[in-house]
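Trainee: One structure follows; several queries about it will come next.
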Amino acid sequence: MSAHALLTLFRLNTRKPSQWMGLSYKNILHSRRYGHLRGQEPVAPVQTIAEMREKLHKIMGIQKGYTPLKVDRTHLLEMLPTSQAELPVKTMNDSFDHAVIPLSTDLDMREKYSTLHGHVRLGRLMEDMDIFAVWLSFKHIENPKQLPDLPTPYNIVTVLVDQIDFTSVVPTPDADIRLSGHVSWVGKSTMEVVVWLEQFQHGAWRKITRAIFLMAARNSTNTHSACINSLKPTDEEEKKILDGGIARKLRRTQVQKANLLRIAPDINEQHIIHQLFLDTVDPRDITFEQRALPPNGRWMSDTLVTNIINSHPEDRNLHNTVFGGFLMRQAVELSSTCCFAHSYFKPRLICMSDIVFHHPVEVGALLRMHAKVVYAEMDHAQVMTHAEVTDPYGGTKKTTNVFNFTYKIPQIARKVYPSSYHEAMAYLDGRRHFQHALGLTGKTEPNFTKGL
């Protein structure tokens, strides 16, 4: 069957194909690798997520069992290339792979992934997608200096998660879930990895989500960046995928320049904040002291939900620090609780965006997470969650991660109101994330169908 016919068949089974980066490329690769069309069970054996983790341990040379002492990897530095020119050029097909979460057969795993409502814990899936992105990153790297009997001289770390869009498919804990993906853009030491998540339902693989991870390659001692293979598109479709990575890099640069910690809000945003102020004061009181909430409104501070986590060795990654996927899982579940408490309804996560990992979290650190509703519009709520580490001995605090979540609820959400200038900036930042997640930037009419 031709690539055009495969793409046509795929589009017949999806609502909005334009929202999924590289669909034709993905569908063609799936047909080549799995040997099946959409609507049929794959016949080729697929590695499980547990088998993939074991392979990563071998690549990194990690022994089972936890020790707080760091293994000396200095001797691996001599295998690193000094420039990208020393490495062979790779294609997207080189890094493409897939893995399965065997929920249909592994009952112990099914219990870990199940929610009270009979769904799958999205936080668990975030963990798996993060480690899968690491696996794809290692698949992309081909180092001629690598000696067969030694571990890799590379460390792969998650820099940020650009965006994760969720479809209306609700995963169930009794059917297998498939991860697939490939490297979609490469810089000198960073790479963008796209990961799809699907579940076999009603005789076909149904899309759950698509995520874009930005990964960084570090040297064996994690003290400097490391060069990786460049990426070459093989056709026009792959060139479009590569251009998409370049566009997202440009957007991230523009967002940083417009950060509210750097420049003042624009004129429209200033008017929004002033109107929120007017909505919460008594116009007859010239002292500005009499503040009152409008009907069905809440102060932003009243939506705050906090927890404290003492991380353990089982939460560590390949570098003996707390696994980024574990942090995402905790953030997802806390944000869902926060939105649930605000709306009184079980919310549906439709987007995670601009998840930044600022600092590593050491095993044993006291991790405090804060989640609050920073913006609400129609039947949507924007939740911002940030994680901070407290030194149990010195008492100092440091923000390590920031997470942004967009939820949909089955009724009009209660509006939130800032009570300080700090909260007003959080409101505007949340509004920006909300507009980007739903594709409202530059549009006059809201489009609440994005991601459905």
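Trainee: If you check residue 158 against the conditions, is it in contact (Cβ under 8 Å) with a residue 60 or more places away in the chain, outside any loop (DSSP other than H, G, I, E, B), touching a helix residue (DSSP H, G or I) at 6+ places or on another chain (Cβ under 8 Å) and open to solvent by 10 Å² or more (accessible area, probe 1.4 Å)?
Mentor: When the stated conditions are applied, residue 158 passes them.
Trainee: Only one residue in 102, 153 is under 16 Å from residue 53 (Cα atoms) and of a type outside the set (A, V, I, L, M, F, W, C), so which one is that?
Mentor: 102
Trainee: Select from segment 343-393 the residues that are part of a strand (DSSP E or B) and acidic (Asp, Glu) and write down the one among them that is modelled with the lowest pLDDT.
Mentor: The qualifying residue modelled with the lowest pLDDT is 362.
Trainee: Look at segment 403-434 and say how many of its residues are assigned to a helix (DSSP H, G or I), under 18 Å from the mean Cα position of the chain (by Cα) and not charged (D, E, K, R).
Mentor: Within segment 403-434, residues that are assigned to a helix (DSSP H, G or I), under 18 Å from the mean Cα position of the chain (by Cα) and not charged (D, E, K, R) number 3.
Trainee: I'm told residue 335 meets every condition in (1) modelled with pLDDT under 90; (2) in a helix (DSSP H, G or I); (3) polar (S, T, N, Q) except one. Can you identify the failing condition by its number?
Mentor: Of (1) modelled with pLDDT under 90; (2) in a helix (DSSP H, G or I); (3) polar (S, T, N, Q), only one is false for residue 335: (1).
Trainee: Given the condition touching a Leu at 6+ places or on another chain (Cβ under 8 Å) and assigned to a helix (DSSP H, G or I), answer yes or no: does some residue in segment 229-241 qualify?
Mentor: no
Trainee: Can you tell me which residue is nearest to residue 415 (Cα to Cα) among those in segment 278-308 that are in a helix (DSSP H, G or I) and either touching a residue at least 24 places away in the same chain (Cβ under 8 Å) or of a type in the set (D, E, K, R) (or both)?
Mentor: Looking at residues that are in a helix (DSSP H, G or I) and either touching a residue at least 24 places away in the same chain (Cβ under 8 Å) or of a type in the set (D, E, K, R) (or both), I get 300.
Trainee: Another question, if that's okay. Within segment 87-117, work out how many residues are open to solvent by 70 Å² or more (accessible area, probe 1.4 Å) and not basic (Lys, Arg).
Mentor: So the count comes out to 7.
Trainee: Among residues belonging to segment 296-312 that are open to solvent by 60 Å² or more (accessible area, probe 1.4 Å) and among the β-branched types (Val, Ile, Thr), point out the one that is modelled with the highest pLDDT.
Mentor: This residue is 306.
Trainee: Is there a residue being among the charged types (D, E, K, R) and more than 26 Å from the chain's Cα centre (by Cα) anywhere in segment 195-212?
Mentor: no
Trainee: Let me ask another. Looking at segment 258-271, I want the residues that are assigned by the TED database to the domain that holds residue 418 and have a partner that is part of a loop (DSSP other than H, G, I, E, B) with Cβ atoms under 8 Å, at least 6 apart or on another chain. Which pairs are those?
Mentor: Here the result reads 270/264, each pair linking segment 258-271 to a residue that is part of a loop (DSSP other than H, G, I, E, B).
Trainee: Give the residues of segment 393-438 that are in contact with a His (Cβ under 7 Å, 6 or more places away or on another chain) and either surrounded by fewer than 17 Cβ atoms within 10 Å (Cβ to Cβ) or outside the structural domain of residue 288 (by the TED database) (or both), sorted by residue number.
Mentor: Hits for segment 393-438 are 398, 399.
Trainee: Still on this model: For segment 182-201, state whether one or more residues are of a type in the set (D, E, K, R), touching a helix residue (DSSP H, G or I) at 6+ places or on another chain (Cβ under 6 Å) and closer than 29 Å to residue 408 by Cα.
Mentor: yes
Trainee: Can you find a residue in segment 185-200 that is open to solvent by 30 Å² or more (accessible area, probe 1.4 Å), under 25 Å from residue 108 (Cα atoms) and not assigned by the TED database to the domain that holds residue 356?
Mentor: Yes; the residues of segment 185-200 include at least one that is open to solvent by 30 Å² or more (accessible area, probe 1.4 Å), under 25 Å from residue 108 (Cα atoms) and not assigned by the TED database to the domain that holds residue 356.
Trainee: Next question. Residue 182 versus (1) within 17 Å of residue 351 (Cα to Cα); (2) surrounded by 20 or more Cβ atoms within 10 Å (Cβ to Cβ): which is the lone unmet condition?
Mentor: Going through (1) within 17 Å of residue 351 (Cα to Cα); (2) surrounded by 20 or more Cβ atoms within 10 Å (Cβ to Cβ) one by one, residue 182 breaks only (1).
Trainee: In segment 201-248, which residues are under 18 Å from residue 182 (Cβ atoms), of a type in the set (D, E, K, R) and open to solvent by 40 Å² or more (accessible area, probe 1.4 Å)?
Mentor: Within segment 201-248, 232, 235, 236, 237, 239, 240, 243, 248 meet the criteria.
Trainee: Among the helices (runs of 4 or more DSSP H) lying completely within segment 53-155, list those that include at least 1 residues that are touching a Ser or Thr at 6+ places or on another chain (Cβ under 7 Å) and touching a residue at least 24 places away in the same chain (Cβ under 8 Å).
Mentor: 92-95, 122-140
Trainee: Please verify whether segment 337-346 includes one or more residues that are farther than 17 Å from residue 158 by Cβ and among the small types (Gly, Ala, Ser).
Mentor: Taking every residue of segment 337-346 in turn, at least one turns out to be farther than 17 Å from residue 158 by Cβ and among the small types (Gly, Ala, Ser).
The values are calculated or read from the model by the stated rules, or taken from the named source; none is laboratory data. These numbers were taken from a predicted model, which means no experiment stands behind them. Cβ sites come from the backbone with ideal geometry, for glycine too, and all protein chains shown count toward neighbours. The accessibility values were calculated without ligands, DNA or RNA, using every heavy atom of the protein model including side chains. Shrake-Rupley method; radii C 1.70, N 1.55, O 1.52, S 1.80 Å.
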